[in-house]
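The values are calculated or read from the model by the stated rules, or taken from the named source; none is laboratory data. Remember, it's a predicted structure, so these values are computed and weren't measured experimentally. Neighbour counts are summed over all protein chains in view; Cβ atoms, including those assigned to glycine, are modelled from backbone coordinates with ideal geometry. With ligands, DNA and RNA removed, areas are computed over all heavy atoms of the protein, side chains included. Shrake-Rupley method; radii C 1.70, N 1.55, O 1.52, S 1.80 Å.
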Amino acid sequence: MAKEQPPRREQTWIPLRNRNESNTKMKLTRCGKITLGITVMVIAAVIIGLIVHFITYGQTPLYYHISFKVNNIDYDSKFEKQYSQKYMDLNEKIVSLINETFHGSKLRRQYVRSHVVQVSQAKGKVIVHSVLKFTFCCKNKAAKCRDRIETILHQMLNGETGCLHIDSSSLKVSEMEMPTAENLLNICCGHRRITFSGNRIAGGMDAEVGEWPWQASLRENGVHRCGATLISNNWLVTAAHCFIKDSDPRQWSVSFGLLLNDPQLQRKIKNIIIHEDYHYPAHDNDIALVKLASPVLYTSNIRRVCLPEANYTFPPNSDVVVTGWGTLKFDGTIPNILQKAAVKIIDNKTCNKAEVYGGVITPGMLCAGFLKGRVDACQGDSGGPLVTADSKGTWFLVGIVSWGNECALPNKPGVYTRVTYYRNWIMSKTGL
Ligand code: 4AZ
């Protein structure tokens with residue numbers, strides 16, 4: 001609707017008044033703008049501060065070491081081995097008791113997980129040592145949180161503890177530093193942080209962060225030469241042929257992480273042990289051990305694989321995965337991102353057929369791939385792992401990338417060093 005025009009006489013001062021008014025408005029607007037600007041900046045600063053605080057402290061986990069005596073379990077030397085049935089059964093009982101306790105407590109949202117890291121003894125009875133992980137909103141409240149944890153655990157120990165008779169007076173709770181705690185929480189072999197989706201080297205696909213935490217790159221003067229597999233805090237297993245030209249540990253290093261050109265962690269090498277019966281150019285006994293100059297602490301992305309028992313046989317046609325930074329085709333280029341390829345175990349009899357490898361596959365070797373070709377390890381994957389998961393999702397080292405006639409050709413599957421065949425040799429050199 002059009003506005004009614006004011007009488008003409010009034011037009012002489014009305015505009016003046018309007019000008020004054022509009023001046024005031026302009027001043028207010030400028031003032032307002034400044035105030036608004038300051039307010040926005042203050043709010044933004046507060047939000048940024050909160051975000052920084054949340055990132056710095058909110059996600060900083062806290063770790064506690066707890067120990068207590070179990071009166072109705074006699075100590076047995078089998079508890080010294082983390083993979084003995086006795087140890088695993090006890091770990092399962094303790095972890096489910098602690099899980100139940102914290103899931104039903106006020107700290108249910110902050111409790112992450114726990115793990116039995118050691119079993120010692122006192123007067124013939126078992127002392128359980130566990131690491132507990134929590135997320136807390138404020139780092140400097142660690143001591144207060146420790147008291148809350150202790151109170152909750154005391155309530156647990158004084159209440160229903162199933163078949164475990166725990167001496168509540170023996171409970172000890174102390175704070176732990178993150179690297180030591182994470183190392184203990186990730187000590188289990190063959191486990192990964194999360195489960196990974198999908199499956200696509202030659203005919204493979206990009207791996208994800210933490211998917212193959214035992215994979216390492218073996219470098220000669222900083223240049224990737226071979227793959228290697230972490231089997232303890234300071235030992236890796238690889239192929240002997242990686243050291244044909246140079247076996248001086250001072251020229252070699254090891255790196256961990258998904259990317260070749262941006263590794264997460266690097267280590268110097270103290271010692272290289274090449275199998276005594278490896279004689280180039282023969283492929284037999286293509287196995288070597290690498291001892292790190294200083295151990296790595298396990299994290300969710302750097303962990304060890306499990307070694308199978310010497311008498312274990314992986315059935316033909318089993319699903320296995322080979323990983324590495326080897327060329328994407330024969331004489332091709334190497335990727336920056338670790339590659340994974342799903343293949344299948346081929347029995348030695350089939351692999352020795354005239355049209356395949358014609359009898360050169362010896363008992364210390366194992367074939368994996370497809371007779372139709374297409375998916376295979378390739379140059380630069382040598383020394384790296386061929387792994388398989390058991391029914392519980394624990395990963396075992398089946399083979400070490402060793403040789404093959406080019407890559408992914410029909411009737412020319414990858415040939416691997418059979419880990420079970422060398423299990424006792426590994427034990428004799430490393431004690432593992
Ligand atoms: C190599 O030269 C190599 N296709 C590794 C594995 C295979 C071939 C060559 C298997 O490192």
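Model label points for Lys344 and Ser84, set 7 angstrom from Cα along the Cα-to-Cβ axis, are 4.0 nm apart. A simple rule links phi to the HN-Hα coupling: the Karplus curve 6.51 cos²θ - 1.76 cosθ + 1.60 with θ = phi - 60°, which for region 213-218 gives x, 8, 6, 10, 9, 9 Hz, with x for Gly and Pro.
Using the Cα coordinates of region 89-147, the gyration tensor eigenvalues translate into equivalent-ellipsoid semi-axes of 25, 14, 9 Å, sorted from longest to shortest. Taking a straight Cα-Cα cut-off under 18 Å and skipping sequence neighbours fewer than 8 places away in the same chain, the aspartates and glutamates within cross-link reach of Lys78 are Asp89, Glu92, Glu309.
Per-residue extension of 0.36 nm, minus the Cα-Cα distance of Thr394 and Thr362, leaves a gain of 8.7 nm for this segment.
Here Tyr280 and Lys353 are evaluated by their C-beta separation; at R0 = 35 Å the FRET efficiency comes out at 0.85. Applying 1/(1 + (r/R0)^6) with r as the Cβ-Cβ distance of Val42 and Asp167 and R0 = 45 angstrom yields a FRET efficiency of 0.20.
Between amide H atoms placed 1.01 Å from N, distances below 5 Å from Gln118 occur with His129, all of them 5 or more places distant or on a separate chain. The alpha carbons of region 250-407 give a radius of gyration and a Dmax of 16.3, 47 Å, in that order. Which value, in nm² and rounded to one decimal, describes the direction-averaged projected area of the C-alpha convex hull of region 315-394? Quarter of the Cα hull surface area: 6.1 nm².
With the other protein chains left in place, how much accessible area per residue, in square angstrom, belongs to the chain at a 1.4 angstrom probe?
53 Å²
Spherically averaged projected area of the convex hull of Cα atoms, region 268-357: 9.3 nm².
What's the local net charge at Arg108, with K and R +1, D and E -1, over the other residues with C-beta under 13 Å away? Here the charged neighbours net out to +3.
With θ taken as phi - 60° and the Karplus curve 6.51 cos²θ - 1.76 cosθ + 1.60 applied, the whole-hertz 3J(HN,Hα) list for region 416-426 is 10, 6, 7, 5, 4, 5, 10, 4, 6, 5, 4 Hz, x standing for glycine and proline. Taken over the alpha carbons of the chain as equal point scatterers, the Debye sum produces base-10 log I(q)/I(0) values at 0.08, 0.11, 0.12 Å⁻¹ of -0.58, -0.91, -1.03. If R0 equals 22 Å, the separation of the Cβ atoms of Asn336 and Leu409 corresponds to a calculated FRET efficiency of about 0.30.
Shown here: region 183-279, whose C-alpha atoms stretch 40, 35, 28 Å along the first, second and third principal axes, sorted largest to smallest. Using a cut-off of 25 Å between Cα atoms, the listed pairs Lys81/Lys106; Lys81/Lys349; Lys123/Lys429; Lys93/Lys344; Lys340/Lys372; Lys86/Lys172 include Lys81/Lys106; Lys81/Lys349; Lys123/Lys429; Lys93/Lys344 as exceeding that distance.
Of the residues Glu208, Glu220, Glu160, the one with the largest accessible area comes first in the ranking Glu160, Glu208, Glu220, computed with a 1.4 Å probe on protein heavy atoms. Per q in 0.25 Å⁻¹, report the Debye log10 I(q)/I(0) for region 224-324, using one uniform scatterer on each alpha carbon and no solvent. At q = 0.25 Å⁻¹ the computed log10 ratios are -1.46. Karplus-based coupling profile of region 155-171, in residue order and whole Hz: 4, 4, 5, 7, x, 7, 10, x, 7, 9, 9, 9, 7, 5, 6, 8, 5, with θ = phi - 60° in 6.51 cos²θ - 1.76 cosθ + 1.60 and x standing for Gly or Pro.
Using a probe of 1.4 Å, the accessible surface attributed to Cys189 totals some 10 Å² when neighbouring protein chains are kept in position. Computed with every protein chain present, the accessible area of Glu355 is close to 100 Å² [probe 1.4 Å].
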